[in-house]
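The values are calculated or read from the model by the stated rules, or taken from the named source; none is laboratory data. Every value quoted in this text rests on a predicted model; they were computed, and no experiment measured them. Positions of Cβ are backbone-derived with ideal geometry, glycine not excepted, and every protein chain shown enters the neighbour counts. The protein model used for the area step is the full one, side chains on, heavy atoms only, and it has no ligands, DNA or RNA in it. Shrake-Rupley method; radii C 1.70, N 1.55, O 1.52, S 1.80 Å.
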Amino acid sequence: MSDMELDPTIAALLAESSSGPSQLPSFKDIAPEPPKGGEPEPKSSSMSVDLSVTHFAPITKVFEDTPHQIFNDPSYYKTALSGEGDQAQRVHQVLSKYLTCTDPKDRTVYRQQMITAFWELIRVMCPKMADPNVAKSKKMLVRYGVVLPSLFSPEQKDFFSKAILENNTGEPVYYMDEWFKEIAAGRLTLSATDEARPARKAGSGNASAEQQHLMQLKSKNDGKFQSAESFVNAKESQRQMMEMELKNRIDALCEHVTMMGLEPHKMPYSDAQKKLFLEISERLRALQKLDKELANNLKELEEAKAIGQSLEAKLNVAPDAIEVSNADITTEFNSVRQMAKMTVGRQGNQFPVFTREFFHCIPNGTGFRENVLKIMSWIEENDPGAFCRTHKNTPHRIVPYVLLVPTYGDFGFCWEPFDRYNRITSRGRIVVPMYPRDLKISLLMAVADLRWQVAKEKASYYWMEEGLTGQYYQWIERQKLKGDLKSYFISDYVLWMTKEVDGVQRMDKELRAIFWRFIPFSQEKKDELKKRSLVYQELYQRDLNRAMSDGY
């Protein structure tokens with residue numbers, strides 16, 4: 001995958017930043033052995049997809065009331081780098097030279113060396129993130145890129161110390177240390193790569209390969225099971241509603257008024273009651289059809305459950321639990337390293353260590369998990385289909401995995417739209433830089449990328465003709481624009497969600513109509529916009545016309 005460049009439209013929406021000097025710290029020798037400490041972390045509850053959840057839970061708390069003392073530990077630097085071998089020593093040496101150097105040219109050289117040295121350190125540290133006793137300073141180094149707390153300003157240290165450490169939200173948003181922890185534990189599959197993975201050697205590797213195959217089959221079956229269960233729930237809800245309507249009509253049919261003068265005899269069916277015969281007959285036929293569909297869905301659910309139990313039993317009797325090898329963790333590390341580079345782009349600041357010299361975010365604009373979830377909730381509120389994937393004409397809300405990487409980048413993007421073994425209900429993967437100039441725009445770019453890739457996969461061979469991608473491609477062709485099609489779309493989506501959402505007309509009329517239809521705002525937002533301008537009122541009327549026709 002190639003690096004990204006900042007689109008002029010997006011660049012115009014980002015605030016300018018400035019840099020300042022950093023104070024020089026005093027270094028101490030690195031200890032040869034890592035300390036033992038830390039507390040076991042709770043298992044993540046965000047692995048499986050719950051299709052019954054319709055929205056994000058409100059984020060009521062972004063920061064803790066009292067700060068933790070991890071960054072105030074005088075031995076933080078020593079503890080973070082201890083026991084990491086030559087890689088830690090290399091970081092120590094290069095960082096010392098970088099921070100004490102006064103010559104700008106030499107400083108640039110050390111800055112470049114620091115990039116390589118830091119990521120080599122992360123490579124040897126990432127397998128240790130699954131250890132519940134790993135030192136908290138090591139976790140903070142991987143999570144935030146904080147090698148030396150003295151590189152914080154006092155204000156920065158204060159709000160970083162108040163950041164919530166544990167994932168109490170239940171949402172699949174992970175810091176980099178948590179990501180490697182889930183990968184190492186086997187709860188998260190490896191991210192997709194363009195290179196073919198080497199075949200495992202004969203012997204013990206065969207058992208592992210067989211387990212991986214069983215896990216792939218289970219992943220596929222889980223998608224079928226969740227989809228079938230979603231259809232069953234929908235059909236049962238529909239049946240309950242239709243039965244209530246049928247009961248109400250039968251009750252109305254069975255009500256008879258006493259005939260005056262011929263008591264206790266009652267009146268025959270009225271004209272209104274006679275009309276109910278046809279309505280009841282139609283509803284009975286509809287119930288019969290619904291029951292047939294429900295029976296098929298229940299059969300699919302039963303088959304998927306039986307297959308799932310069989311696969312679970314085979315996995316339980318397997319000789320060894322599935323373990324992720326060091327080679328697999330290295331593969332994932334290489335993917336994450338590439339992700340980090342892509343968030344920065346070719347012309348961006350690749351420096352990986354946290355320092356106030358380059359950090360210019362406000363607390364609510366820093367890529368902490370809670371800030372990211374608040375923005376994702378805002379995106380879904382205005383674009384209800386942002387995290388939806390349609391299967392058999394039924395939309396499924398599937399929130400993607402979100403990896404937060406500690407970089408000074410501005411580009412959020414989608415690494416993969418869904419798992420290749422389960423396209424129905426598996427989560428996609430988006431990557432978001434933690435220290436961008438504008439966190440909302442970075443997230444909008446990632447969601448736009450996700451939307452584009454999902455729409456393109458759905459249209460398959462006809463992506464240039466049908467749906468969102470087809471309409472957008474044809475518009476770009478008519479405009480005779482050259483360049484990367486997806487980059488154009490991401491830029492337009494950012495414009496759609498930052499300007500048009502508030503009624504500020506910045507898009508071409510034809511393009512606005514495409515977005516209005518295929519990336520519609522919520523109904524409340526549409527009702528609000530139609531009162532602001534004739535442009536939106538006309539689009540609103542088109543919705544009503546399509547709704548009354550068969551072609552909508």
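Points worth noting:
- When the stretch 263-290 is filtered for residues that are surrounded by 15 or more Cβ atoms within 10 Å (Cβ to Cβ) and out of contact with any Lys or Arg (no Cβ under 6 Å at 6 or more places or on another chain), the ones remaining, listed by number, are GLN273, ARG283, ALA286, LEU287.
- Of all residues in the stretch 360-400 being open to solvent by 10 Å² or more (accessible area, probe 1.4 Å) and basic (Lys, Arg), the one that is farthest from the chain's Cα centre (by Cα): LYS392
- Residue match in the stretch 327-336 (condition: over 30 Å from LYS440 (Cβ atoms) and of a type in the set (A, V, I, L, M)): yes
- Top-ranked residue of the stretch 477-509 - restricted to ones that are closer than 18 Å to MET445 by Cβ and among the β-branched types (Val, Ile, Thr), ranked as surrounded by the most Cβ atoms within 10 Å (Cβ to Cβ): ILE490
- Of everything in the stretch 459-481 that is part of a loop (DSSP other than H, G, I, E, B) and aliphatic (A, V, I, L, M), the residue that is farthest from ASP449 (Cα to Cα) is LEU481.
- Any hit, the stretch 332-340, residues being at pLDDT below 95 and in a loop (DSSP other than H, G, I, E, B): no
- Test: residue in the stretch 413-421 that is open to solvent by 10 Å² or more (accessible area, probe 1.4 Å), under 18 Å from LEU495 (Cβ atoms), out of contact with any Gly (no Cβ under 6 Å at 6 or more places or on another chain) and of a type outside the set (Asp, Glu): no
- Within the stretch 291-309, the set of residues being over 13 Å from PHE231 (Cα atoms), touching a helix residue (DSSP H, G or I) at 6+ places or on another chain (Cβ under 7 Å) and open to solvent by 50 Å² or more (accessible area, probe 1.4 Å) comprises LYS305, ILE307.
- When the stretch 510-546 is filtered for residues that are open to solvent by 70 Å² or more (accessible area, probe 1.4 Å) and assigned to a helix (DSSP H, G or I), the ones remaining, listed by number, are GLU510, ARG517, GLN523, GLU524, GLU528, LEU534, GLN537, GLU538, GLN541, ARG542, LEU544, ASN545.
- Residue in the stretch 86-103 that is in contact with a His (Cβ under 9 Å, 6 or more places away or on another chain), within 29 Å of TYR401 (Cβ to Cβ) and either outside any helix (DSSP H, G or I) or modelled with pLDDT under 95 (or both) present: no
- Single residue of LYS139, LYS162 found to be more than 19 Å from the chain's Cα centre (by Cα), surrounded by 18 or more Cβ atoms within 10 Å (Cβ to Cβ) and basic (Lys, Arg): LYS139
- MET125 falls short on exactly one of the conditions (1) open to solvent by less than 60 Å² (accessible area, probe 1.4 Å); (2) farther than 15 Å from GLU84 by Cβ, and that condition is (2).
- Against the test of being at pLDDT below 65, assigned to a loop (DSSP other than H, G, I, E, B) and not hydroxyl-bearing (Ser, Thr, Tyr), the options ILE30, ILE59 yield a single qualifying residue, ILE30.
- Among residues of the stretch 353-377 that are within 17 Å of ILE441 (Cβ to Cβ), those with a beta-carbon under 6 Å from a residue that is of a type in the set (D, E, K, R) and not in a loop (DSSP other than H, G, I, E, B) at least six positions away or on a different chain give the pairs ILE375/LYS440.
Residues are listed down the side, and each one gets a yes or a no for (1) within 18 Å of SER48 (Cβ to Cβ); (2) open to solvent by 40 Å² or more (accessible area, probe 1.4 Å); (3) not in a helix (DSSP H, G or I):
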| residue | (1), (2), (3) |
| --- | --- |
| SER230 | yes, no, no |
| GLU236 | no, yes, no |
| GLU255 | no, yes, yes |
| MET260 | no, yes, yes |
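- For PHE159, the criteria (1) over 30 Å from SER96 (Cβ atoms); (2) at pLDDT 80 or above hold in every case but one, which is (1).
- Residue count, the stretch 466-495 (criterion: of a type in the set (S, T, N, Q), without any contact (Cβ under 8 Å) to a residue 60 or more places away in the chain and under 17 Å from ILE519 (Cα atoms)): 3
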